[in-house]
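The structure under discussion appears below in the form of structure tokens.
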Amino acid sequence: MDDSPRLLALLRRTARHRGAAIGMFLIAALVLAALLAPFLSPYDPYAQSLDEGLSGPTAAHWFGQDKFGRDVFSRLVHGARLSLAVGIGTVAISLLIGLAAGSMAGFLGGWADRVFTGACDVLLAFPGILLAIGIAAVRGPSFGNVLFALSVLGWVGYARVIRAQVLKVKAMEFVESARAIGAPPSRMLLAHILPNALSPILVEATFGIARAIVAEAGLSFLGLGVAPPAASWGSMIGDGRHFLFVAPHLVTAPGAAILLTVMAFNFVGDGLRDALDTRS
């Protein structure tokens, strides 16, 4: 069955939400900037010019230069690639694990559900960001380690949401009808239950991308993100905080980028939640 009309209808309903429309525009601009970063960047983001270090915004360097004389705008555009990759990558990994664990626990019930619930309670006892900091500190700064650190506990929230939805959907009449005519369990789960249980997960994933971007910025701020000299918004803020009163553009530019990006995904999440709300 082709779900394209349903997807287009969902996008149209989401776009009617004023905040979501603004968020979608900002995300589209961010994705376009990340894809075209080599063409949009007026300078090499790693090229240094020490004699021009800490220079403010000029016609040649729109957002100024950092302490090594690197162009802030060029690094900002390339940093969008890293932020989007971490946000989408973390959510994708967490979703795969969470969907598998949560759907099986909710569908099987019994001891499997009890084991799953107990494991989630134990994992949620650990502060997520502190555990991510510990893992990144032990494994060292790299893109793969950031994804691993943010996904270790990231899947738990998605798993709990999908478990609750599966428990609700599997008690509905159309699932009982499929069971009565002898549909195999795998078909019941994949064809009847999961497609009707995914709506809250879409909303949670949108907010999850925003959370992952903030978490990556926090790790990079502490020097535990992607290894230098890679452009990262968090590391740009970390490097610029020492020159806050001398060169505030080093902090304001990446800070504004994080703010707008997180705000955009949250706006889209709000609009998506309203669009999927059958009561409205």
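None of the figures in this text is laboratory data; all of them are computed from the coordinates on show. The structure displayed is predicted, hence computed values, not measured ones. Neighbour counts are summed over all protein chains in view; Cβ atoms, including those assigned to glycine, are modelled from backbone coordinates with ideal geometry.
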If you plug each phi of segment 199-209 into the Karplus form 6.51 cos²θ - 1.76 cosθ + 1.60 with θ = phi - 60°, what whole-Hz ³J(HN,Hα) values come out, in order, with x for Gly and Pro? 4, x, 5, 4, 5, 4, 5, 4, 5, x, 4
If you split all Cα-Cα distances of the chain into 5 Å bins from zero, what percentages do you get per bin, shortest first? 1, 6, 11, 13, 15, 14, 12, 10, 7, 5, 3, 2, 1, 1, 0, 0
Using only Cα atoms, what is the ratio of the radius of gyration of segment 30-88 to 2.2 N^0.38 Å? 1.14
Computed over segment 111-221, the relative contact order (Cα-Cα under 8 Å, seq sep at least six) in percent reads 27 percent
So if I restrict to the alpha-carbon atoms in segment 93-179, what is the Rg, and what is Dmax, the biggest pairwise distance, in Å? 15.7, 53
Could you tell me the center-to-center distance, by alpha carbons, between segment 50-122 and segment 226-276 in angstrom? 11 Å
Hey, rough spin-label estimate for Ala15 and Ala256, points 7 angstrom out along Cα→Cβ, what's it come to in nanometres? 2.8 nm
Extension gain, Asp44 back to Ala171 (0.36 nm per residue minus Cα-Cα distance, nm): 39.9 nm
Using the charge dipole of the chain (Lys, Arg: +1 at Cβ; Asp, Glu: -1 at Cβ; taken about the Cα centre), state which of Pro57, Leu150, His17 has its Cα farthest towards the positive end. His17
When only C-alpha pairs under 8 Å and at least 6 residues apart count, what is the relative contact order of segment 4-276, in percent? 27 percent
Give me the extension gain from Val122 to Val138: residue separation times 0.36 nm, minus the current Cα-Cα distance, reported in nm with one decimal. 3.6 nm
Chain lengthening between Met263 and Ala60 when straightened (0.36 nm per residue, less Cα-Cα): 70.2 nm
Taking every other residue with Cβ under 11 Å from the Cβ of Gly102 and scoring Lys and Arg +1, Asp and Glu -1, one gets +1
I'd like the FRET efficiency for Ile22 and Leu276, computed as 1/(1 + (r/R0)^6) with the beta carbon distance as r and R0 of 22 Å, rounded to 0.05. 0.70
Could you give the size of the charge dipole of segment 4-276 about its Cα centre, using +1 on the Cβ of each K and R and -1 on the Cβ of each D and E, expressed in debye and rounded to the nearest 20? 840 debye
